[in-house]
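In what follows, a single structure is set out as structure tokens and then discussed.
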Amino acid sequence: MAFVKSRPKTIPLGLSRDVGQATEKPDDCPAMSDAVDLYLRLRGNGRPKTFAADIRRAADYLIQVARDRPLSAYSRQDALALRDWLVGRGLAGSSVTRAFSNVNAVFNFAVSELALNITNPFRGVYHDRQAGVVTRKPIPMQDIRKVQRACRDLNDDMRWLIAIVSDTGMRLAEVAGLAREDLCDLDGSMPYLKVQRHPWRGLKTASSERLVPLVGEALWGARQAYGQGDGSAFLFPRYNRAGTTSANSASAALNKWMGEYVPDGCTMHSFRHSMRDRLRAVQCPTDITDQIGGWARAGVGQGYGSGYPLEILHDWLVKVTEQGG
């Protein structure tokens, strides 16, 4: 079975970065680099640039440890060496998990697509998933109110973004990558926004695509941002200047500013944890909470139907803001 155009039975792929030896590649089994190209060509359409970057980064880790070899040439010892190398670099358990998930995705896809009769040696490699993981704290309600008051006082685009996150629990990247057209009925009886994929900003999961009612400070922030009127299609042009939403840049700047208003260990992502607690406090049903926040829904049954209507979501978020969460 030919993976690419006809070529000799073996060809030198190049020099290993670590070993300095030529790598032989059998014609019927792609090397890791070829498997990555195949995966991204077939699975990467419509994905954000970060998707390809994460896949290539994980593959590069493996190539640094065990060279760019045919998939059939990798062994369990290579998988364990990759784990030890990643841990030795100080990566958190979640980052090690992500790297292995991406290597496994590429490997399994090539095996399935090309009907390769080989075993994936990277499957099920043990590592401490909690190593280096920092538990994110929710922001206490009194501190959320302090942040919101400060946002009103400063009244600029960075503070409008924070305000939207604070009373919706949305992910920072979801808000930073909003288009103006994503905001709906801002002056009507039930204003809301659409969380949807854009060429400049993808979404974390399928559940992330949703409608989110705008109430409280989130509505104020959305109206202020929408009314800025600079002609941009983006709601927050500052973070969308190079074809990709700069969520990391936004996170660094906003977290630094919030430092004087929130306890140590609290970040922009902490608003998301806080919203979960605030919805619990008003006894919001779990499946409605999941829909509001775009959390993956537990159970097969919750995947049926189109979810709760916007009016129901709106009423629960009103309870959260009116009762102080």
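The values are calculated or read from the model by the stated rules, or taken from the named source; none is laboratory data. Not measured: the values here are computed from a predicted model. Note that we place each Cβ from the backbone using ideal geometry, even for glycine, and neighbour counts take in every protein chain shown.
Points to keep in mind about this one:
- Residue check for Val165: under 24 Å from Cys266 (Cα atoms) and under 23 Å from the mean Cα position of the chain (by Cα): yes
- Apart from one condition, Leu86 fits all of (1) in the same structural domain as Asp28 (by TED's automatic domain parsing); (2) surrounded by fewer than 17 Cβ atoms within 10 Å (Cβ to Cβ); (3) at pLDDT below 95; the exception is (2).
- Residue that is farthest from Lys319 (Cα to Cα), among those in the range 270-291 that are touching a helix residue (DSSP H, G or I) at 6+ places or on another chain (Cβ under 7 Å) and part of a loop (DSSP other than H, G, I, E, B): Cys284
- Residue in the range 46-55 that is more than 28 Å from the chain's Cα centre (by Cα) and of a type outside the set (A, V, I, L, M, F, W, C) present: no
One line per residue, one yes/no per condition, for (1) modelled with pLDDT of 95 or more; (2) among the basic types (Lys, Arg); (3) surrounded by 15 or more Cβ atoms within 10 Å (Cβ to Cβ); (4) outside the structural domain of Gly177 (by TED's automatic domain parsing):
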position	(1), (2), (3), (4)
Met1	no, no, no, yes
Ser16	no, no, yes, yes
Cys29	no, no, yes, yes
Asp34	yes, no, yes, yes
Thr50	no, no, yes, yes
Ala66	yes, no, yes, yes
Gln77	yes, no, no, yes
Gly93	no, no, yes, yes
Asn104	yes, no, yes, yes
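- Annotation note: of Gly221, Gly231, Gly188, the sole residue that is assigned to a loop (DSSP other than H, G, I, E, B), assigned by TED's automatic domain parsing to the domain that holds Trp160 and farther than 23 Å from Gly307 by Cα is Gly231.
- Index of the failed condition, Ala252 passing every other in (1) over 19 Å from the mean Cα position of the chain (by Cα); (2) free of Cβ contacts under 8 Å to residues at least 12 places away in the same chain; (3) within 13 Å of Ile162 (Cα to Cα): (1)
- Boolean, Arg159 is among the basic types (Lys, Arg), without any contact (Cβ under 8 Å) to a residue 12 or more places away in the chain, within 25 Å of Gln323 (Cα to Cα) and not in a loop (DSSP other than H, G, I, E, B): no
- The residues of the range 236-252 include none that are in contact with a Gly (Cβ under 7 Å, 6 or more places away or on another chain) and either surrounded by fewer than 17 Cβ atoms within 10 Å (Cβ to Cβ) or among the aliphatic types (A, V, I, L, M) (or both).
- The set of residues in the range 138-147 being in a helix (DSSP H, G or I) and either in contact with a Phe, Trp or Tyr (Cβ under 9 Å, 6 or more places away or on another chain) or small (Gly, Ala, Ser) (or both) consists of Asp143, Ile144, Lys146, Val147.
- Residue check for Asn155: surrounded by 17 or more Cβ atoms within 10 Å (Cβ to Cβ), under 30 Å from Gln291 (Cα atoms) and of a type in the set (S, T, N, Q): no
- Put simply, of Val147, Val195, Val212 the only residue that is closer than 24 Å to Ala52 by Cα, β-branched (Val, Ile, Thr), surrounded by 14 or more Cβ atoms within 10 Å (Cβ to Cβ) and at pLDDT 95 or above is Val195.
- Residue list for the range 253-276, restricted to those being of a type in the set (D, E, K, R) and surrounded by 15 or more Cβ atoms within 10 Å (Cβ to Cβ): Arg272, Arg276
- Out of Ala173, Ala163, Ala206, sole residue that is among the hydrophobic types (A, V, I, L, M, F, W, C) and either touching a Pro at 6+ places or on another chain (Cβ under 8 Å) or surrounded by fewer than 20 Cβ atoms within 10 Å (Cβ to Cβ) (or both): Ala206
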